[in-house]
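Below: one structure, written as structure tokens.
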Amino acid sequence: MSVKTLLIGLDGATFDVLDPLMDQGVMPFLKSFLAKGARARLRTIVPPLTPPAWTSLMTGRTPGQHGVFDFFRMEPGAGHHIRFFNSNDVQCDTIWSLASGQGLRVTSLNYPAMFPAPKVSGHVVPGWIPWKQLRLACWPDGLLDRLKGVPGFNQRELAMDIKLEEKATEGCSNREEYGPWIELHIRREQNWFEILKYLVREDPSELTAVLFDGVDKLQHLCWRFLRPEDATPLTSDWEFEVRELCLKYFRRLDGLLEQMCELVGPRATVLMASDHGFGPTRDIFHINAWLEQHGYLAWAGDAASRDTEGAVLGVGQVARHTFLMDWSRTKAFATTPTSNGIRIAINHDGNSPGIAPSEYPAFRQRLADELRDFRDPKNGERVVTEVWTRDEVFSGPHSEAGPDLTLILRDGGLVSILPSPHVLSSRPSVGGAHRPLGVFAANGPGIKTSDAGELSILDIAPTVLHSLGLPVPKEMQGAVAERIYDPQFLELHPVRRAAAPSPYRQRTENNGSAAAPMEDEEVVLDRLRELGYIE
Amino acid sequence: MKAPRTEILEYVLRTIEDLSQDWDYTREVGPQTLLFRELGMESLDVVVLGTAIQEHYQFQMPFAELLADVGQRASHDLSISELVDFVDLHLNANVPTAGTGIGHG
């Protein structure tokens, strides 16, 4: 058996960074890969956020269809508890389950929403798992012990090690900590590559996939070094050293891409994709402060004056929001700073706080209009450029789990959920934030040299299945990226549409999905802090 | 899937012993071992462990509320025995999700 399709995830990759790096000779392999094959900008879903976007890539469906909207999920009931996302939130088939269900082997490395791991034929090492629990997360049983024999295997660095990462990132304004932090991510990508190499050589799968997430992290924290033209020119030796380390990361990544392509050989289809793009961010829009000023939200007790411990966006306050808000007087609120979503409290039973169901449409419209009208007092610019309703962007059987409104800010940044005397302020320095347009690149049998313009992230799952010779389920909202193929190849290998092989069944059947608990998750918050969601 | 408390305890102990071989943890793990202070777990470790327990028993339990309770305790910690009590209570008594049934220490 050999690898038929290699899917390489580059979390947050954007041609705004990659094109200059290729021009400067930092990524010569990627340059040749694109020159020989197909490239396209890849439009992601709303919101352009890691868990829902990768889930859309893996399912070919939008969040309202697949059920993942954010890192966090609000539990039903009056408790306002929030928990961390997991694979049981994914309510439809994935490329892993579809391929495995049709007799192919799959290897999935470091993809999110993969724990608890699906019991596919092949291997799963989920992403977003703390290193101490990695044994619980790997599939099949015994895989971790096999991986321990891989050269350079380092469990602490491979998966999440909060203490290690915290050490590298805590107070990254401290110049000495940038270097170790970037070097950690260089080693981590190497670690994932070595695992992939081992499995491809020793126990290959037709569908093999790995996700490199350091791209996203570096761009969050080091945007001003990667693209100083978006911030201020680099002047000090230290700034140039940090930039050089960032280039080292991408140079090494380029080397790994080359080695992986050599490993699977020219008969394999190689697809590269990101979950979203990236760009600079300068603003901090304190959404809950805005809601409070407009009479939609009330803080509990002294919550408005509490020390936020240096946090900017308030990821560290996510689990505490239950205690920070006065729910009896709150009609609209933002629970997380990661998805820019606003929830509206509805008094469904006539005895709860919130607005009456009959008032909901008008209330939501008024709120959306007022948000669009909010302007930067310095220059009169609109701060909120788009306000999407749930119906507009999350249609589907699971839309109710999504926020009522989703905001797009003028600089593509994230909201702050913290109490604040100011509604709008500036970041201490330019950071990186997600954008709708990511990257796609492909090489392999039948793929022609082309610039395919723009594709949808929903097209990746159908394209993966087609490259494996499998039919595309009718339920998928995307389509095979036919324009990347030579027409003669498509004639010989036509796209096949089929009903899903079997009705999707959740693994936990007796009482609904087995939900992961969520609480005061300092660990998750530290992780997100590291990602640059907070300063 | 219902299970007697002794079996739950055995399962949780075995799971943590399996995990601890990757941590260079050499001390004995028992019912009174504390997850945070002694095993050095972080919140997300407990989140993942809780998900695994739910997956094993194919039963949803209010771990979010349990951990919120732990956060309000003076000790800010949870023993394996208390974790097992929590699982036993919900798995075998069908306690509604409101309330964890575990008192504050």
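For the structure I just gave you, tell me whether residue A:445 is at pLDDT below 95, away from chain B (no Cβ under 14 Å) and closer than 21 Å to residue A:104 by Cα.
Against the criterion (at pLDDT below 95, away from chain B (no Cβ under 14 Å) and closer than 21 Å to residue A:104 by Cα), residue A:445 does not qualify.
Which of the residues belonging to segment B:6-33 are buried (at least 18 other Cβ atoms within 10 Å of the Cβ), among the small types (Gly, Ala, Ser) and within 23 Å of residue B:89 (Cβ to Cβ)?
Result: no residue meets the conditions.
Scan segment A:334-380 for residues that are surrounded by fewer than 17 Cβ atoms within 10 Å (Cβ to Cβ), within 26 Å of residue A:284 (Cβ to Cβ) and free of Cβ contacts under 8 Å to residues at least 24 places away in the same chain and jot them down.
Within segment A:334-380, A:366, A:369, A:372, A:373, A:375, A:378, A:379, A:380 qualify.
Kindly indicate the residue of segment A:125-158 that is in a loop (DSSP other than H, G, I, E, B), touching a residue at least 24 places away in the same chain (Cβ under 8 Å) and buried (at least 21 other Cβ atoms within 10 Å of the Cβ) and also farthest from the other protein chains (Cβ to nearest Cβ) among those meeting that condition.
The selected residue is A:127.
Which condition breaks for residue A:114 when tested against (1) surrounded by 22 or more Cβ atoms within 10 Å (Cβ to Cβ); (2) assigned to a loop (DSSP other than H, G, I, E, B); (3) touching a Lys or Arg at 6+ places or on another chain (Cβ under 9 Å); (4) within 14 Å of chain B (Cβ to nearest Cβ)?
Of the numbered conditions (1) surrounded by 22 or more Cβ atoms within 10 Å (Cβ to Cβ); (2) assigned to a loop (DSSP other than H, G, I, E, B); (3) touching a Lys or Arg at 6+ places or on another chain (Cβ under 9 Å); (4) within 14 Å of chain B (Cβ to nearest Cβ), the odd one out for residue A:114 is (3).
Before we move on, is residue B:87 within 9 Å of another protein chain (Cβ to nearest Cβ), part of a helix (DSSP H, G or I), touching a helix residue (DSSP H, G or I) at 6+ places or on another chain (Cβ under 9 Å) and crowded, with 17+ Cβ neighbours inside 10 Å? Don't jump to the end; show me each part of the working.
Numbers: within 9 Å of another protein chain (Cβ to nearest Cβ): no; part of a helix (DSSP H, G or I): yes; touching a helix residue (DSSP H, G or I) at 6+ places or on another chain (Cβ under 9 Å): yes; crowded, with 17+ Cβ neighbours inside 10 Å: yes.
No.
Check segment B:34-51 and report whether any residue there is assigned to a helix (DSSP H, G or I), surrounded by fewer than 18 Cβ atoms within 10 Å (Cβ to Cβ) and modelled with pLDDT under 95.
No, segment B:34-51 contains no residue that is assigned to a helix (DSSP H, G or I), surrounded by fewer than 18 Cβ atoms within 10 Å (Cβ to Cβ) and modelled with pLDDT under 95.
Do we find that residue A:430 is modelled with pLDDT under 95 and away from chain B (no Cβ under 14 Å) in this structure?
yes
Has segment A:77-94 got any residue that is aromatic (Phe, Trp, Tyr), out of contact with any Gly (no Cβ under 6 Å at 6 or more places or on another chain) and closer than 30 Å to residue A:346 by Cα? Spell out how you get there, then give the answer.
As a first pass, look at segment A:77-94 and keep what is aromatic (Phe, Trp, Tyr): A:84-85.
Retained after the next criterion (residues that are out of contact with any Gly (no Cβ under 6 Å at 6 or more places or on another chain)): A:84-85.
With the extra rule that they be closer than 30 Å to residue A:346 by Cα, the set shrinks to A:84-85.
Checked against the condition, which is being aromatic (Phe, Trp, Tyr), out of contact with any Gly (no Cβ under 6 Å at 6 or more places or on another chain) and closer than 30 Å to residue A:346 by Cα, segment A:77-94 yields at least one hit.
Mind listing just one residue for me: the one in segment A:165-178 that is in a helix (DSSP H, G or I) and exposed (fewer than 15 other Cβ atoms within 10 Å of the Cβ) and, of those, modelled with the lowest pLDDT? Full working, then the answer.
First, the residues of segment A:165-178 that are in a helix (DSSP H, G or I): A:165-169, A:175-178.
Now drop any that are not exposed (fewer than 15 other Cβ atoms within 10 Å of the Cβ), which leaves A:167, A:175-176.
Working: A:167: 41, A:175: 78, A:176: 80.
Across segment A:165-178, the extreme among qualifying residues is A:167.
Filter segment B:54-81 down to the residues that are surrounded by fewer than 21 Cβ atoms within 10 Å (Cβ to Cβ), part of a loop (DSSP other than H, G, I, E, B) and at the interface with chain A (Cβ under 9 Å from one of its Cβ atoms) and list them by number.
B:58, B:60
If you take just the strands (runs of 3 or more DSSP E) that sit entirely in segment A:417-501, which of them hold at least 2 residues that are under 27 Å from the mean Cα position of the chain (by Cα), crowded, with 24+ Cβ neighbours inside 10 Å and not hydroxyl-bearing (Ser, Thr, Tyr)?
In segment A:417-501, the matching strands (runs of 3 or more DSSP E) lie at A:424-435, A:437-443.
May I ask you to say which residue of A:283, A:275 is outside any helix (DSSP H, G or I) and surrounded by 24 or more Cβ atoms within 10 Å (Cβ to Cβ)? Quick ask: steps written out before the conclusion?
On the way: A:283 fails: surrounded by 24 or more Cβ atoms within 10 Å (Cβ to Cβ).
The unique qualifying residue is A:275.
Consider segment A:454-506. How many of its residues are under 24 Å from residue A:87 (Cα atoms), charged (D, E, K, R) and at pLDDT 95 or above?
Residues that pass the stated criteria total 1.
Among the residues of segment A:77-109, write down those that are under 18 Å from the mean Cα position of the chain (by Cα) and within 14 Å of chain B (Cβ to nearest Cβ).
Within segment A:77-109, A:83, A:84, A:85, A:86, A:87, A:88, A:89, A:90 qualify.
The values are calculated or read from the model by the stated rules, or taken from the named source; none is laboratory data. On a predicted model such as this, the values are computed, not experimentally measured, just so you know. Neighbour counts run over all protein chains shown; Cβ positions are idealised from the backbone, glycine included.
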